[in-house]
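The next block holds one structure in the form of structure tokens; read it before the comments.
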Amino acid sequence: MSGTLSSLSRRLTKLEQQLADRARRAKLASCNCSYITIADPARPEEFEAEMNLPCPAHGFRRLGGIDRQFFYNPDRSVKRDPQSEQAELVAALEQDRKARSTREIWERIGQSVASWDEGPLLWATQHTLSEDSHWMAKGTQFRAPFPRKLYLLEVLRLVLSKPTLFIWKSREMLMSWLICMYVTWRCQWFPLFAVAQTAKESKVAELIQYARILYQNQPEWMQRRNPILIDNELELKWANGGRFLGVPKGADQIRIHHPHLYFQDESAFLPEAEASFNAVRPVAKQMICVSSDEMGWFHNECKLEQ
């Protein structure tokens, strides 16, 4: 009797297994999982729909391998259209030409020479603009490139060659603009720390504004090549490490800094001008003092320069 029950139990278990296998096969027949799924970057909504589609057999649908396909032609055909291929080639060549052209311009401006065709004056006269708040009274343009005046060429030649320079100026000679242009050029093309100092904080902020104007009025590709990361009233800092800082009067104001380039504006009217100059002299590699004339330390230094 026990042998008969055991045989019946085995047959029942086998029958249950067969029924389960049959049900599983029936369920798998409705499976919509994929071994590979095509993803067309031009039609992301189709791929999203594939991802959100459930599987009747497994619940979560398997996508298998993801094959990204790109079509050469607008009609989604894979055979290259000769006209499209030629247009792509022309576009690639034009992009390469522009890249080589901008690189060449950048390298030419980066030359430390006094010339209209290279160096900082190429940038100032052809690739950026200054601004004049008195343009209406003068009858000139608000924004304009630096003028090609021969004395600017000569002054820049001295600026590029002298570690220490005292410059007498009159109000309309553009000397403060020229030196700010030179400082901005040094900071943008080289990782250099420059400090400008004059009597009042509002006046030194104007010098930093001169640099900001030159940066903002240059082509966008130049701004992208070396963008400004820090921009506040008294400081500009470029991505390459170049930095232009403004400080007001006082030897103690400048003593805490260690600039490569020191620019003193309106030295003849700057309290503690000589003390400030001497405080930074041990660390600065270049020192430029600009001012209209007034008896005192600056006047005497200019006489010595003569």
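The values are calculated or read from the model by the stated rules, or taken from the named source; none is laboratory data. Here the structure is a predicted model, which is why all the values come from computation and not from measurement. Neighbour counts are summed over all protein chains in view; Cβ atoms, including those assigned to glycine, are modelled from backbone coordinates with ideal geometry.
Summed over the range 199-220, the residues that are touching a Leu at 6+ places or on another chain (Cβ under 6 Å) and polar (S, T, N, Q) give a count of 1. The C-beta contact set for the range 8-23 (first residue in the same structural domain as His58 (by TED's automatic domain parsing), second residue assigned to a helix (DSSP H, G or I) and not polar (S, T, N, Q), distance under 7 angstrom, 6+ apart or interchain) is empty. Of the listed requirements (1) over 17 Å from Gln264 (Cβ atoms); (2) surrounded by fewer than 22 Cβ atoms within 10 Å (Cβ to Cβ); (3) not hydroxyl-bearing (Ser, Thr, Tyr), Gln188 misses just one: (2).
Looking only at the range 202-214, residues that are free of Cβ contacts under 8 Å to residues at least 40 places away in the same chain and under 17 Å from Thr125 (Cα atoms) come to 2 in all. Total residues in the range 258-306 satisfying the condition of being in a loop (DSSP other than H, G, I, E, B) and of a type in the set (D, E, K, R): the figure is 6.
When the range 11-46 is filtered for residues that are loosely packed, with under 10 Cβ neighbours inside 10 Å and in a helix (DSSP H, G or I), the ones remaining, listed by number, are Arg25, Glu45. When Asn232, Asn240 are checked against the criterion of being in the same structural domain as Asn300 (by TED's automatic domain parsing), farther than 24 Å from Gln111 by Cα, touching a helix residue (DSSP H, G or I) at 6+ places or on another chain (Cβ under 9 Å) and among the polar types (S, T, N, Q), a single residue qualifies: Asn232. Looking only at the range 235-254, filter to residues that are part of a strand (DSSP E or B) and in contact (Cβ under 8 Å) with a residue 12 or more places away in the chain; which one of those is surrounded by the most Cβ atoms within 10 Å (Cβ to Cβ)? This residue is Phe244.
Which of the residues spanning the range 199-234 are basic (Lys, Arg) and in a loop (DSSP other than H, G, I, E, B)? Correct list: Lys200 only.
Scan the range 61-69 and give yes if some residue there is under 40 Å from the mean Cα position of the chain (by Cα), surrounded by 11 or more Cβ atoms within 10 Å (Cβ to Cβ) and modelled with pLDDT of 70 or more, otherwise no. Scanning the range 61-69 turns up at least one residue that is under 40 Å from the mean Cα position of the chain (by Cα), surrounded by 11 or more Cβ atoms within 10 Å (Cβ to Cβ) and modelled with pLDDT of 70 or more. When the range 255-275 is limited to residues that are in contact (Cβ under 8 Å) with a residue 60 or more places away in the chain and over 36 Å from the mean Cα position of the chain (by Cα), the one that is surrounded by the most Cβ atoms within 10 Å (Cβ to Cβ) turns out to be Phe269.
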